[in-house]
Amino acid sequence: KTERRRLIALNKAADAASVVRREWLTTFSHRKTSPKDAAVFLLNGLAHRDLPWDDLRSNGLPALRTALGVTDTYPNNPDAVTDLATTPAKAAHLHLCTVLWSYDAHIKRDSWRGPQAQQQRYLTQLAAWGYPLAEVEQIITGALTEPAAYDARTTD
């Protein structure tokens, strides 16, 4: 019974964390420039083959368009986002955000049960850029165990 309660509680916590993380990522997407170490994160993800390239177009771009409030009658119009890239710094930031939204699409409510390395890298990087990880996300990064995250949620 304890195991089942923990499963339900952590899944609910993951759902809540997803909402908060996507709100944070939406705000982050509206920045003009990327953090200084963004290129290192992008290269690291490429080297580890974290995401397939077509994932950026199928997951990243639509999510970024939504976050930025970009509407267009042609739903896959690449110019709808690229038109926002008015400077090289803004273009680099939009590229980073496309990648981040693609990573985010791979965080599911039960990701804490079997975290993948790319999920760990993604959440760890968000934390380094100021995102406050929820307890359930800290399970994914390896900072907390499942029982410790559950205990932290039930004692708050």
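Could you tell me which residue of the stretch 7-31 is farthest from the chain's Cα centre (by Cα), considering only residues that are loosely packed, with under 14 Cβ neighbours inside 10 Å and free of Cβ contacts under 8 Å to residues at least 60 places away in the same chain?
The qualifying residue farthest from the chain's Cα centre (by Cα) is ILE8.
Residues checked against (1) under 17 Å from the mean Cα position of the chain (by Cα); (2) open to solvent by 80 Å² or more (accessible area, probe 1.4 Å); (3) closer than 30 Å to ASP151 by Cβ:
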residue: THR33; (1), (2), (3): no, no, no
residue: ARG65; (1), (2), (3): yes, no, no
residue: HIS95; (1), (2), (3): yes, yes, no
residue: THR98; (1), (2), (3): yes, no, no
residue: LYS108; (1), (2), (3): yes, yes, yes
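Given the conditions (1) at pLDDT below 95; (2) under 21 Å from THR98 (Cβ atoms); (3) of a type in the set (Asp, Glu); (4) open to solvent by 30 Å² or more (accessible area, probe 1.4 Å), which single one is not true for GLU3?
Among (1) at pLDDT below 95; (2) under 21 Å from THR98 (Cβ atoms); (3) of a type in the set (Asp, Glu); (4) open to solvent by 30 Å² or more (accessible area, probe 1.4 Å), GLU3 violates only (2).
Would the stretch 45-61 turn up any residue that is part of a helix (DSSP H, G or I), among the small types (Gly, Ala, Ser) and under 27 Å from LEU144 (Cβ atoms)? So that I can check it myself, show each step before the final result.
Taking the stretch 45-61 as the starting set, the residues that turn out to be part of a helix (DSSP H, G or I) are 45-47, 53-61.
Still in the running and among the small types (Gly, Ala, Ser): 45, 47, 58, 60.
With under 27 Å from LEU144 (Cβ atoms) added as a condition, the list becomes 45.
Yes, some residue in the stretch 45-61 is part of a helix (DSSP H, G or I), among the small types (Gly, Ala, Ser) and under 27 Å from LEU144 (Cβ atoms).
Filter the stretch 119-141 down to the residues that are within 18 Å of ARG49 (Cα to Cα) and open to solvent by 50 Å² or more (accessible area, probe 1.4 Å) and list them by number.
Taking the stretch 119-141 as the starting set, the residues that turn out to be within 18 Å of ARG49 (Cα to Cα) are 119-125.
Selection gives GLN120, ARG121, THR124.
What's the number of the only condition in (1) in contact with a Ser or Thr (Cβ under 9 Å, 6 or more places away or on another chain); (2) open to solvent by 90 Å² or more (accessible area, probe 1.4 Å) that ASP54 fails to meet?
Every listed condition holds for ASP54 apart from (1).
The values are calculated or read from the model by the stated rules, or taken from the named source; none is laboratory data. Quantities reported herein were computed from a predicted structural model and do not represent experimental measurements. Don't worry about glycine lacking a Cβ; one is built from the backbone with ideal geometry, like all the others, and counts go over all protein chains shown. Areas reflect the complete protein model, heavy atoms only, side chains present, ligands, DNA and RNA absent. Shrake-Rupley method; radii C 1.70, N 1.55, O 1.52, S 1.80 Å.
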